[in-house]
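No value in this document is a laboratory result; all are computed from the given coordinates. Keep in mind the model is a prediction, meaning the values are calculated, not measured. With ideal geometry, Cβ positions are generated from the backbone for all residues, glycine too; neighbour counts draw on all protein chains shown.
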Amino acid sequence: MHNAQSESEEDAIVEKIRQEFESLSPEGKAAAKATFSVLLDEVIERAKATLKEMDLAIEVAEISKYVSLSAIAKSYFGKSKEWLYQRIKHYNVNGKPARFNADEQQTFSQALKDISQMAYQASLRIS
């Protein structure tokens with residue numbers, strides 16, 4: 001992997017890659033393009049996943065102004081507020097980013113739905 005420290009180093013690396021590519025046979029160029037395309041698709045998918053995770057963290061931060069995440073953690077997961085935050089914000093736990101598994105993600109979604117339904121029902125009783 002190339003790690004440029006300056007723009008001139010980056011330019012030199014790009015030129016070296018261009019020269020190496022140009023030295024390939026037509027079949028080699030086709031294979032390199034195909035490999036690059038696959039790798040680029042993987043990078044794009046990882047970026048999309050990261051953006052989705054960031055969106056969740058931003059949305060939950062907004063919700064947490066009005067809803068107790070500690071109560072959700074305890075009531076729905078039997079866990080601490082810290083456990084829930086670790087998964088929402090992907091803090092490193094045991095050397096790896098903490099994430100919801102599929103069941104936990106569904107449980108968290110259901111918790112938010114339940115709370116929204118309670119708030120809606122309360123609003124109907126008030127009006």
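Observations, loosely collected:
- Cβ-defined net charge surrounding Asp103, 14 Å radius [Lys, Arg +1; Asp, Glu -1]: +2
- Rounded to the nearest 20 debye, the dipole magnitude of the chain is 1000 debye, with +1 charges on Lys and Arg beta carbons, -1 on Asp and Glu beta carbons, and the Cα centre as origin.
- Distance histogram for the stretch 1-63 (every C-alpha pair counted, 10 angstrom bins, percent rounded to whole numbers): 18, 27, 28, 16, 9, 1
- Average projection area in nm² (convex hull over Cα atoms of the stretch 68-127, one quarter of hull surface): 4.4
- Leading residue at positive end of dipole, the chain (Cβ point charges), from Ile126, Val67, Ala30: Ile126
- Compared with the dominant Cα axis of the chain, that is its longest principal axis, helix 7-22 is turned about 60°.
- Point-to-point label distance, Gln121-Lys89, nm (Cα→Cβ direction, 7 Å offset): 3.3
- The H on the amide N of Val93, modeled in the peptide plane, is under 5 Å from the matching H of Ala98, each at least 5 residues off or on a different chain.
- Relative contact order (%) - criterion: Cα under 8 Å, at least six apart; region: the chain: 12
- Potential lengthening of the chain between Thr50 and Val14 amounts to 10.2 nm, from the contour at 0.36 nm per residue minus the alpha-carbon distance.
- Sequence-distant residues sharing a close amide H with Lys79 (under 5 Å, placed H): Lys74
- Placing unit charges on the Cβ atoms only, positive for Lys and Arg and negative for Asp and Glu, gives the stretch 68-127 a dipole magnitude near 140 debye about its Cα centre.
- Against the chain, whose longest principal axis is taken from its Cα atoms, helix 26-63 shows a tilt of about 20°.
- Sparse-neighbourhood loop sites, chymotrypsin sites (Phe, Trp or Tyr not before Pro) in the stretch 50-82 - DSSP loop, at most 16 other Cβ within 10 angstrom: Tyr66
- A Förster radius of 41 Å combined with the Cβ-Cβ distance from Tyr66 to Leu40 puts the calculated FRET efficiency at roughly 0.50.
- Across every direction, the projection of the convex hull enclosing the Cα atoms of the chain has a mean area of 13.2 nm².
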